[in-house]
1. Sort out which residues of the range 101-112 are at pLDDT 95 or above and farther than 30 Å from Val202 by Cβ, and write them in order of number.
2. Going through the range 94-107 one residue at a time, which ones are outside any loop (DSSP other than H, G, I, E, B) and crowded, with 20+ Cβ neighbours inside 10 Å?
3. What pairs come out if I take residues in the range 24-48 that are modelled with pLDDT under 95 and pair them with residues that are charged (D, E, K, R) and not in a helix (DSSP H, G or I) whose C-beta lies under 6 Å away, six or more apart or interchain?
4. Go through the range 306-334 and give me each residue that's assigned to a loop (DSSP other than H, G, I, E, B), under 29 Å from the mean Cα position of the chain (by Cα) and touching a residue at least 12 places away in the same chain (Cβ under 8 Å).
5. Among the polar types (S, T, N, Q) and closer than 23 Å to Ala118 by Cα: does that describe Thr90?
6. Among the residues of the range 76-87, is any modelled with pLDDT of 95 or more, part of a strand (DSSP E or B) and farther than 27 Å from Ile135 by Cβ?
7. Show the residue pairs that are 6+ apart or on different chains and have beta-carbon atoms under 7 Å apart, the first residue being within the range 150-177 and without any contact (Cβ under 8 Å) to a residue 24 or more places away in the chain and closer than 22 Å to Lys83 by Cα, the second being hydroxyl-bearing (Ser, Thr, Tyr) and part of a loop (DSSP other than H, G, I, E, B).
8. Can you work out which of the residues in the range 129-149 that are among the aliphatic types (A, V, I, L, M) and in contact (Cβ under 8 Å) with a residue 12 or more places away in the chain is surrounded by the most Cβ atoms within 10 Å (Cβ to Cβ)?
Amino acid sequence: MALTAKGDPVDAVAAIVLAAGFSSRMGVFKPLLAFGQRTVTGHAAAVLREAGVRHIHVVTGCQAELLALELAVLEVTPVHNEKFAEGMFTSVQAGVASLPAGIEGFLLLPVDVPLIRASTVRRVLDKAAATRAPIVHPVFRGERGHPPFIGRALFGEILESDGEGGLRAVLARHEREAASVAVFDRGCLMDMDRPGDYRRLVAALAHNRVPDAEECEAILDVAAAPEPVRSHCRAVAALAARLARQLNEAGVPLDVHLVRAAALVHDIAKGLPDHAEAGAVLVREFGFPGVADVVARHMSIDFDGRIDESAVVYLADKLIQGEALVRLETRFAPALERFAGDAGALAAARRRYADAEAILSAVESWIGPLESQTGRAPLTKMGALA
(Lines give C-alpha, C1' and ligand atoms only; values in the text may rest on other atoms or scores of the structure.)
Protein backbone atom coordinates (compact mmCIF):
# COMPACT_ATOMS: atom_id res chain seq x y z
CA MET A 1 0.00 0.00 0.00
CA ALA A 2 1.52 3.33 -1.04
CA LEU A 3 2.20 6.04 1.52
CA THR A 4 1.35 8.80 -0.91
CA ALA A 5 0.35 9.37 -4.51
CA LYS A 6 1.56 12.90 -5.21
CA GLY A 7 -1.38 14.74 -3.73
CA ASP A 8 -4.00 12.00 -4.16
CA PRO A 9 -5.83 10.77 -1.05
CA VAL A 10 -3.77 8.25 0.91
CA ASP A 11 -5.09 5.29 2.88
CA ALA A 12 -1.87 4.08 4.51
CA VAL A 13 -1.19 7.28 6.46
CA ALA A 14 -3.04 8.74 9.43
CA ALA A 15 -2.76 11.99 11.32
CA ILE A 16 -2.77 12.13 15.11
CA VAL A 17 -3.87 15.54 16.36
CA LEU A 18 -3.05 16.15 20.02
CA ALA A 19 -5.86 18.12 21.68
CA ALA A 20 -5.92 16.77 25.24
CA GLY A 21 -4.10 19.50 27.17
CA PHE A 22 -5.40 21.94 29.79
CA SER A 23 -4.70 25.14 27.77
CA SER A 24 -3.60 26.67 31.09
CA ARG A 25 -1.32 29.36 29.63
CA MET A 26 -3.95 30.40 27.08
CA GLY A 27 -6.66 30.75 29.72
CA VAL A 28 -9.34 29.33 27.39
CA PHE A 29 -9.68 25.94 25.69
CA LYS A 30 -7.43 26.16 22.61
CA PRO A 31 -8.95 23.42 20.41
CA LEU A 32 -12.27 25.28 20.18
CA LEU A 33 -10.97 28.81 19.65
CA ALA A 34 -12.14 30.49 16.45
CA PHE A 35 -9.62 30.30 13.63
CA GLY A 36 -10.80 31.92 10.43
CA GLN A 37 -14.14 30.40 9.49
CA ARG A 38 -13.47 27.30 11.63
CA THR A 39 -12.22 26.32 15.04
CA VAL A 40 -8.53 25.62 15.61
CA THR A 41 -9.28 21.89 15.47
CA GLY A 42 -11.48 22.29 12.41
CA HIS A 43 -8.76 24.21 10.58
CA ALA A 44 -6.14 21.55 11.35
CA ALA A 45 -8.48 18.82 10.09
CA ALA A 46 -9.27 20.78 6.91
CA VAL A 47 -5.57 21.25 6.10
CA LEU A 48 -4.85 17.55 6.60
CA ARG A 49 -7.78 16.60 4.38
CA GLU A 50 -6.66 19.07 1.71
CA ALA A 51 -3.31 17.25 1.73
CA GLY A 52 -5.09 13.94 1.09
CA VAL A 53 -5.01 12.45 4.59
CA ARG A 54 -8.20 10.45 5.17
CA HIS A 55 -7.61 9.04 8.66
CA ILE A 56 -7.56 11.83 11.26
CA HIS A 57 -7.50 10.79 14.92
CA VAL A 58 -7.92 13.57 17.50
CA VAL A 59 -6.75 12.72 21.01
CA THR A 60 -8.91 14.30 23.70
CA GLY A 61 -8.53 14.71 27.44
CA CYS A 62 -9.46 18.00 29.10
CA GLN A 63 -13.01 19.05 28.23
CA ALA A 64 -13.38 15.90 26.12
CA GLU A 65 -17.18 15.97 26.14
CA LEU A 66 -17.26 19.52 24.82
CA LEU A 67 -14.70 18.78 22.12
CA ALA A 68 -16.56 15.59 21.14
CA LEU A 69 -19.39 17.69 19.72
CA GLU A 70 -16.97 19.44 17.36
CA LEU A 71 -15.26 16.20 16.36
CA ALA A 72 -18.61 14.65 15.42
CA VAL A 73 -19.26 17.57 13.05
CA LEU A 74 -15.74 17.26 11.61
CA GLU A 75 -16.22 13.50 11.06
CA VAL A 76 -12.83 12.64 12.53
CA THR A 77 -12.01 9.82 14.94
CA PRO A 78 -12.02 10.85 18.62
CA VAL A 79 -9.54 9.06 20.88
CA HIS A 80 -9.94 9.74 24.57
CA ASN A 81 -6.79 9.60 26.70
CA GLU A 82 -7.66 8.82 30.30
CA LYS A 83 -4.07 9.59 31.32
CA PHE A 84 -3.85 12.99 29.65
CA ALA A 85 -2.92 14.72 32.92
CA GLU A 86 0.31 12.67 33.00
CA GLY A 87 1.71 14.48 29.95
CA MET A 88 1.68 14.73 26.19
CA PHE A 89 3.46 11.44 25.55
CA THR A 90 0.49 9.52 26.96
CA SER A 91 -1.63 11.19 24.27
CA VAL A 92 0.86 10.12 21.61
CA GLN A 93 0.61 6.57 22.89
CA ALA A 94 -3.19 6.69 22.92
CA GLY A 95 -3.18 7.99 19.37
CA VAL A 96 -0.82 5.29 18.11
CA ALA A 97 -2.82 2.57 19.89
CA SER A 98 -5.95 3.74 18.05
CA LEU A 99 -4.50 3.35 14.55
CA PRO A 100 -5.92 0.56 12.36
CA ALA A 101 -3.71 -2.27 11.15
CA GLY A 102 -3.31 -0.94 7.60
CA ILE A 103 -1.64 2.30 8.67
CA GLU A 104 2.04 2.45 7.69
CA GLY A 105 2.80 5.75 9.38
CA PHE A 106 1.29 8.84 10.95
CA LEU A 107 1.73 12.58 11.01
CA LEU A 108 1.86 14.07 14.50
CA LEU A 109 0.31 17.52 14.92
CA PRO A 110 -0.28 19.34 18.20
CA VAL A 111 -3.59 21.18 17.85
CA ASP A 112 -1.88 24.43 18.87
CA VAL A 113 0.27 24.38 15.70
CA PRO A 114 -2.63 24.97 13.29
CA LEU A 115 -1.04 27.32 10.77
CA ILE A 116 0.56 24.63 8.62
CA ARG A 117 -0.04 24.40 4.90
CA ALA A 118 -1.31 21.39 2.97
CA SER A 119 1.78 21.67 0.75
CA THR A 120 3.95 21.07 3.84
CA VAL A 121 2.04 17.89 4.66
CA ARG A 122 2.36 16.67 1.07
CA ARG A 123 6.10 17.34 0.98
CA VAL A 124 6.57 15.33 4.17
CA LEU A 125 4.52 12.43 2.80
CA ASP A 126 6.30 12.49 -0.55
CA LYS A 127 9.65 12.39 1.23
CA ALA A 128 8.49 9.47 3.38
CA ALA A 129 7.35 7.57 0.29
CA ALA A 130 10.58 8.27 -1.58
CA THR A 131 12.98 7.39 1.25
CA ARG A 132 10.96 4.89 3.32
CA ALA A 133 12.59 6.60 6.32
CA PRO A 134 10.95 5.83 9.68
CA ILE A 135 10.99 9.53 10.57
CA VAL A 136 10.65 12.57 8.30
CA HIS A 137 10.97 16.05 9.73
CA PRO A 138 9.72 19.16 7.91
CA VAL A 139 12.45 21.79 8.11
CA PHE A 140 11.99 25.51 7.66
CA ARG A 141 15.31 27.29 7.07
CA GLY A 142 17.24 24.82 9.21
CA GLU A 143 14.71 24.37 12.04
CA ARG A 144 12.55 21.29 12.47
CA GLY A 145 8.81 21.80 12.74
CA HIS A 146 5.45 20.03 12.55
CA PRO A 147 4.05 17.65 11.54
CA PRO A 148 6.76 14.98 11.51
CA PHE A 149 6.02 11.63 9.90
CA ILE A 150 6.61 8.55 12.04
CA GLY A 151 6.58 5.11 10.42
CA ARG A 152 5.16 1.83 11.63
CA ALA A 153 8.63 0.56 12.56
CA LEU A 154 8.48 2.82 15.63
CA PHE A 155 4.91 2.06 16.72
CA GLY A 156 5.89 -0.78 19.07
CA GLU A 157 8.68 1.21 20.64
CA ILE A 158 6.36 4.13 21.30
CA LEU A 159 3.67 1.93 22.84
CA GLU A 160 6.14 0.00 25.03
CA SER A 161 8.00 3.07 26.27
CA ASP A 162 7.81 3.92 29.98
CA GLY A 163 7.59 7.58 28.97
CA GLU A 164 11.07 8.55 30.16
CA GLY A 165 12.13 11.40 27.89
CA GLY A 166 8.84 11.30 26.01
CA LEU A 167 8.60 10.97 22.24
CA ARG A 168 11.77 13.01 21.85
CA ALA A 169 13.77 10.16 23.41
CA VAL A 170 12.26 7.59 21.04
CA LEU A 171 13.03 9.72 17.99
CA ALA A 172 16.55 10.47 19.22
CA ARG A 173 17.37 6.77 19.21
CA HIS A 174 16.62 6.72 15.48
CA GLU A 175 18.25 10.00 14.52
CA ARG A 176 20.60 8.38 12.00
CA GLU A 177 17.65 6.89 10.13
CA ALA A 178 15.64 10.12 10.05
CA ALA A 179 15.15 12.18 6.92
CA SER A 180 14.31 15.84 6.49
CA VAL A 181 12.52 17.82 3.82
CA ALA A 182 12.68 21.57 3.28
CA VAL A 183 9.31 23.30 3.55
CA PHE A 184 8.25 26.87 2.86
CA ASP A 185 6.09 27.26 5.92
CA ARG A 186 6.97 29.42 8.92
CA GLY A 187 3.70 28.18 10.45
CA CYS A 188 5.19 24.75 11.06
CA LEU A 189 7.28 26.37 13.81
CA MET A 190 4.53 28.55 15.33
CA ASP A 191 2.55 27.34 18.32
CA MET A 192 0.03 29.28 20.35
CA ASP A 193 0.53 28.91 24.07
CA ARG A 194 -0.59 32.41 25.04
CA PRO A 195 -3.20 34.93 23.86
CA GLY A 196 -0.58 36.99 22.02
CA ASP A 197 0.52 33.91 20.06
CA TYR A 198 -3.09 33.22 19.12
CA ARG A 199 -3.63 36.76 17.87
CA ARG A 200 -0.48 36.57 15.71
CA LEU A 201 -1.56 33.28 14.16
CA VAL A 202 -5.06 34.55 13.44
CA ALA A 203 -3.59 37.62 11.73
CA ALA A 204 -1.22 35.46 9.67
CA LEU A 205 -4.02 33.10 8.62
CA ALA A 206 -5.58 35.78 6.42
CA HIS A 207 -2.56 35.68 4.10
CA ASN A 208 -1.51 32.05 4.50
CA ARG A 209 -2.08 31.18 0.83
CA VAL A 210 0.87 33.45 0.02
CA PRO A 211 4.43 33.00 1.33
CA ASP A 212 5.91 35.80 3.40
CA ALA A 213 9.35 37.28 2.73
CA GLU A 214 11.28 34.66 4.69
CA GLU A 215 9.27 31.84 3.13
CA CYS A 216 10.13 33.27 -0.29
CA GLU A 217 13.80 33.18 0.71
CA ALA A 218 13.33 29.53 1.67
CA ILE A 219 11.88 28.85 -1.79
CA LEU A 220 14.90 30.53 -3.39
CA ASP A 221 17.19 28.49 -1.10
CA VAL A 222 15.79 25.21 -2.43
CA ALA A 223 16.05 26.51 -6.01
CA ALA A 224 19.69 27.53 -5.35
CA ALA A 225 19.01 31.01 -6.74
CA PRO A 226 22.26 33.03 -6.86
CA GLU A 227 22.60 36.27 -4.91
CA PRO A 228 22.39 38.59 -7.97
CA VAL A 229 19.00 37.07 -8.82
CA ARG A 230 17.83 37.44 -5.21
CA SER A 231 19.00 41.06 -5.07
CA HIS A 232 17.11 41.88 -8.26
CA CYS A 233 13.99 40.13 -6.93
CA ARG A 234 14.15 42.09 -3.67
CA ALA A 235 14.44 45.38 -5.54
CA VAL A 236 11.51 44.48 -7.80
CA ALA A 237 9.47 43.42 -4.76
CA ALA A 238 10.14 46.69 -2.94
CA LEU A 239 8.95 48.73 -5.93
CA ALA A 240 6.01 46.45 -6.74
CA ALA A 241 4.75 46.44 -3.14
CA ARG A 242 5.02 50.21 -2.95
CA LEU A 243 3.06 50.63 -6.17
CA ALA A 244 0.43 48.15 -4.99
CA ARG A 245 -0.04 50.01 -1.71
CA GLN A 246 -0.40 53.34 -3.51
CA LEU A 247 -2.86 51.87 -5.98
CA ASN A 248 -4.86 50.42 -3.09
CA GLU A 249 -5.03 53.83 -1.48
CA ALA A 250 -6.20 55.28 -4.80
CA GLY A 251 -9.01 52.74 -5.09
CA VAL A 252 -7.49 49.88 -7.13
CA PRO A 253 -8.06 46.61 -5.22
CA LEU A 254 -4.81 44.63 -5.12
CA ASP A 255 -3.36 41.96 -2.82
CA VAL A 256 -0.10 43.56 -1.68
CA HIS A 257 1.05 40.28 -0.10
CA LEU A 258 0.60 38.45 -3.40
CA VAL A 259 2.42 41.20 -5.31
CA ARG A 260 5.38 41.14 -2.93
CA ALA A 261 5.66 37.34 -2.87
CA ALA A 262 5.43 36.95 -6.64
CA ALA A 263 8.04 39.65 -7.16
CA LEU A 264 10.38 38.04 -4.63
CA VAL A 265 10.40 34.73 -6.53
CA HIS A 266 9.68 35.88 -10.09
CA ASP A 267 13.17 35.00 -11.36
CA ILE A 268 13.47 31.71 -9.46
CA ALA A 269 14.22 29.85 -12.72
CA LYS A 270 16.41 32.54 -14.28
CA GLY A 271 18.78 30.97 -16.78
CA LEU A 272 16.41 28.21 -17.86
CA PRO A 273 14.58 28.28 -21.21
CA ASP A 274 11.25 30.11 -20.85
CA HIS A 275 12.21 30.89 -17.27
CA ALA A 276 8.88 32.54 -16.45
CA GLU A 277 6.92 29.36 -17.14
CA ALA A 278 9.64 27.16 -15.61
CA GLY A 279 9.52 29.29 -12.47
CA ALA A 280 5.74 29.10 -12.35
CA VAL A 281 5.92 25.30 -12.51
CA LEU A 282 8.31 25.26 -9.54
CA VAL A 283 6.28 27.68 -7.44
CA ARG A 284 3.07 25.79 -8.19
CA GLU A 285 4.77 22.53 -7.22
CA PHE A 286 5.85 24.16 -3.95
CA GLY A 287 2.21 24.87 -3.11
CA PHE A 288 1.49 28.45 -4.20
CA PRO A 289 -0.66 28.42 -7.35
CA GLY A 290 -1.74 32.06 -7.07
CA VAL A 291 1.86 33.22 -6.88
CA ALA A 292 2.76 30.89 -9.76
CA ASP A 293 0.16 32.52 -11.99
CA VAL A 294 1.80 35.92 -11.49
CA VAL A 295 5.31 34.52 -11.99
CA ALA A 296 4.19 32.98 -15.30
CA ARG A 297 3.24 36.43 -16.65
CA HIS A 298 6.23 38.48 -15.56
CA MET A 299 8.00 38.21 -18.94
CA SER A 300 5.04 38.46 -21.27
CA ILE A 301 1.63 39.89 -20.51
CA ASP A 302 -1.42 40.64 -22.62
CA PHE A 303 -2.40 43.88 -20.91
CA ASP A 304 -6.08 44.69 -21.38
CA GLY A 305 -6.12 47.95 -19.42
CA ARG A 306 -7.01 46.34 -16.08
CA ILE A 307 -4.37 46.75 -13.39
CA ASP A 308 -3.98 43.50 -11.47
CA GLU A 309 -1.18 41.90 -9.45
CA SER A 310 0.47 40.47 -12.58
CA ALA A 311 0.53 43.88 -14.24
CA VAL A 312 2.18 45.50 -11.23
CA VAL A 313 4.90 42.83 -11.00
CA TYR A 314 5.46 42.98 -14.77
CA LEU A 315 5.92 46.74 -14.64
CA ALA A 316 8.17 46.71 -11.56
CA ASP A 317 10.40 44.09 -13.20
CA LYS A 318 10.77 46.27 -16.28
CA LEU A 319 11.63 49.34 -14.20
CA ILE A 320 14.40 47.59 -12.28
CA GLN A 321 17.70 46.76 -13.97
CA GLY A 322 19.81 44.75 -11.59
CA GLU A 323 18.88 46.57 -8.39
CA ALA A 324 18.50 50.05 -9.90
CA LEU A 325 15.36 51.93 -10.89
CA VAL A 326 15.65 52.89 -14.57
CA ARG A 327 13.48 54.27 -17.35
CA LEU A 328 11.74 51.82 -19.62
CA GLU A 329 13.81 53.15 -22.51
CA THR A 330 17.00 52.20 -20.68
CA ARG A 331 15.65 48.79 -19.72
CA PHE A 332 14.56 47.85 -23.23
CA ALA A 333 17.33 49.43 -25.29
CA PRO A 334 19.71 46.42 -25.06
CA ALA A 335 17.00 43.99 -26.17
CA LEU A 336 15.90 46.14 -29.08
CA GLU A 337 19.50 46.41 -30.21
CA ARG A 338 20.26 42.72 -29.67
CA PHE A 339 17.24 41.58 -31.68
CA ALA A 340 17.60 44.12 -34.49
CA GLY A 341 18.37 41.35 -36.98
CA ASP A 342 15.66 38.95 -35.78
CA ALA A 343 12.24 40.16 -36.86
CA GLY A 344 10.29 37.78 -34.64
CA ALA A 345 12.30 38.44 -31.48
CA LEU A 346 12.31 42.17 -32.17
CA ALA A 347 8.53 42.21 -32.52
CA ALA A 348 8.18 40.35 -29.23
CA ALA A 349 10.50 42.81 -27.46
CA ARG A 350 8.50 45.71 -28.86
CA ARG A 351 5.26 44.14 -27.62
CA ARG A 352 6.75 43.78 -24.13
CA TYR A 353 7.91 47.39 -24.26
CA ALA A 354 4.48 48.58 -25.38
CA ASP A 355 2.77 46.61 -22.63
CA ALA A 356 5.13 48.09 -20.04
CA GLU A 357 4.39 51.60 -21.27
CA ALA A 358 0.64 50.93 -21.26
CA ILE A 359 0.76 49.59 -17.70
CA LEU A 360 2.90 52.49 -16.54
CA SER A 361 0.48 54.95 -18.09
CA ALA A 362 -2.46 53.22 -16.40
CA VAL A 363 -0.68 53.17 -13.04
CA GLU A 364 0.26 56.84 -13.29
CA SER A 365 -3.34 57.74 -14.13
CA TRP A 366 -4.20 56.51 -10.62
CA ILE A 367 -1.22 57.58 -8.50
CA GLY A 368 0.48 60.32 -10.51
CA PRO A 369 3.86 60.43 -12.27
CA LEU A 370 6.42 58.10 -10.77
CA GLU A 371 9.28 60.50 -11.41
CA SER A 372 7.76 63.00 -9.00
CA GLN A 373 7.92 60.35 -6.27
CA THR A 374 11.42 59.08 -6.98
CA GLY A 375 13.33 62.18 -7.98
CA ARG A 376 14.41 60.33 -11.11
CA ALA A 377 14.13 61.29 -14.74
CA PRO A 378 10.67 60.76 -16.28
CA LEU A 379 9.74 57.11 -16.60
CA THR A 380 7.17 57.67 -19.34
CA LYS A 381 7.40 58.89 -22.93
CA MET A 382 10.21 56.53 -23.83
CA GLY A 383 10.31 57.29 -27.50
CA ALA A 384 9.07 55.57 -30.62
CA LEU A 385 9.09 51.79 -30.78
CA ALA A 386 9.86 51.79 -34.48
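The values are calculated or read from the model by the stated rules, or taken from the named source; none is laboratory data. A quick note: this is a predicted structure, and the numbers were derived from the prediction, not measured. Note: ideal-geometry Cβ built from the backbone for every residue, glycine included; neighbour counts use all protein chains shown.
1. Within the range 101-112, Ile103, Glu104, Gly105 meet the criteria.
2. Ala94, Gly95, Val96, Gly105, Phe106, Leu107
3. Arg25/Asp193; Arg25/Arg194
4. Within the range 306-334, Ile307, Asp308, Gly322, Glu323 qualify.
5. No, not satisfied.
6. no
7. Val170/Ser161
8. So, considering only residues that are among the aliphatic types (A, V, I, L, M) and in contact (Cβ under 8 Å) with a residue 12 or more places away in the chain, the one surrounded by the most Cβ atoms within 10 Å (Cβ to Cβ) is Val136.
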